[in-house]
């Protein structure tokens, strides 16, 4: 599977008709990015969306960032994973994660008391799941959304690697040290193409406000010296600058390089538009020469 060194992480494709999402994915591929990462929250179902985007492109990898283990049972996930991987060999990367308590207990009504154990049991069930349809010609691949040491170790032991989200380069170094040299490390990096500090941080805070209420992310950032004061009032300048790269193309490229230097195999850049919803096609295009 050829992810390339840099990909695009894009929630915006959930907000437009599927035909336009396919056209946009084809444009991202034409720009030279190796992979397109899509979320699963309360929008499109991730396996269906991945299939549509794969059908609209020729060689780019489509990756889920992430498919929640609470959204479907393990047998269903195993069947879907194998089905999409058979149809598009070496082009579908399944990112699995435990999501967040507000999404799992609040929206889905599931028990979130032991997410690590739930993930381990889910992987066991996937490994033992029956699948009698035509098998993929290339081994299907999956990674885990992992932040803490236990989930990173599980990702290294049981899957092809990890997909950390909302992390600074210091976490990338920690993840690589924890997992060792072999497993894939595919890191998300948010970015704002804006050189004015006030404007850039305003856009960044609009993106970060929800995430700074989620304990999975804030507890992880505390490992790297951030405190509750950094998470208040939309986030301190220090935490904003650590999570969101902003500035010109060179500044964004420098942050991506920092992740690569820290041990990332692949960095998926999430460009944040000023209005929070527009598809940032021109910004992806502007960044391509600097990132690729």
Residue identified as in contact with a helix residue (DSSP H, G or I) (Cβ under 8 Å, 6 or more places away or on another chain) and under 24 Å from residue 25 (Cα atoms) among 258, 274: 274
Of all residues in the range 263-291, which are in a loop (DSSP other than H, G, I, E, B) and out of contact with any strand residue (DSSP E or B) (no Cβ under 7 Å at 6 or more places or on another chain)? 273, 274, 275, 276, 277, 278, 279
Of the residues in the range 72-92, those that are on the phi < 0 side of the Ramachandran plot, surrounded by fewer than 21 Cβ atoms within 10 Å (Cβ to Cβ) and outside any helix (DSSP H, G or I) number 4
Just checking, which of 152, 130 is within 17 Å of the chain's Cα centre (by Cα) and either outside any helix (DSSP H, G or I) or surrounded by 22 or more Cβ atoms within 10 Å (Cβ to Cβ) (or both)? 152
Report yes if residue 95 is touching a strand residue (DSSP E or B) at 6+ places or on another chain (Cβ under 6 Å), under 22 Å from residue 159 (Cβ atoms), surrounded by fewer than 23 Cβ atoms within 10 Å (Cβ to Cβ) and touching a residue at least 12 places away in the same chain (Cβ under 8 Å), otherwise no. no
What number of residues in the range 45-59 are touching a residue at least 12 places away in the same chain (Cβ under 8 Å) and either in a helix (DSSP H, G or I) or within 20 Å of residue 188 (Cα to Cα) (or both)? 9
Restricting to the range 133-149, name every residue that is outside any strand (DSSP E or B) and either more than 14 Å from residue 97 (Cα to Cα) or touching a strand residue (DSSP E or B) at 6+ places or on another chain (Cβ under 7 Å) (or both). 133, 134, 135, 136, 137, 138, 139, 140, 145, 146, 149
For residue 233, state whether it is more than 30 Å from residue 90 (Cβ to Cβ), modelled with pLDDT under 95 and surrounded by fewer than 20 Cβ atoms within 10 Å (Cβ to Cβ). yes
The residue that is nearest to the chain's Cα centre (by Cα), considering only those in the range 5-43 that are part of a loop (DSSP other than H, G, I, E, B), in contact (Cβ under 8 Å) with a residue 40 or more places away in the chain and crowded, with 18+ Cβ neighbours inside 10 Å, is 10
Which residue, of 258, 195, 262, is more than 27 Å from residue 35 (Cβ to Cβ) and either under 18 Å from the mean Cα position of the chain (by Cα) or in contact (Cβ under 8 Å) with a residue 24 or more places away in the chain (or both)? 195
Restricting attention to the range 49-57, does a residue exist that is under 19 Å from the mean Cα position of the chain (by Cα) and surrounded by fewer than 20 Cβ atoms within 10 Å (Cβ to Cβ)? yes
Restricted to the range 161-192, and to residues that are in a loop (DSSP other than H, G, I, E, B), free of Cβ contacts under 8 Å to residues at least 60 places away in the same chain and over 12 Å from the mean Cα position of the chain (by Cα), which residue is surrounded by the most Cβ atoms within 10 Å (Cβ to Cβ)? 183
Answer yes or no: is there a residue in the range 227-248 that is part of a loop (DSSP other than H, G, I, E, B) and either under 24 Å from residue 39 (Cβ atoms) or within 21 Å of the chain's Cα centre (by Cα) (or both). yes
Mind counting the residues in the range 98-109 that are crowded, with 17+ Cβ neighbours inside 10 Å and either assigned to a loop (DSSP other than H, G, I, E, B) or modelled with pLDDT of 95 or more (or both)? 3
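The values are calculated or read from the model by the stated rules, or taken from the named source; none is laboratory data. Keep in mind that what you see is a predicted model, and the values were worked out from it rather than measured. Here Cβ is always computed from backbone atoms with ideal geometry, including for glycine, and neighbour counts include all displayed protein chains.
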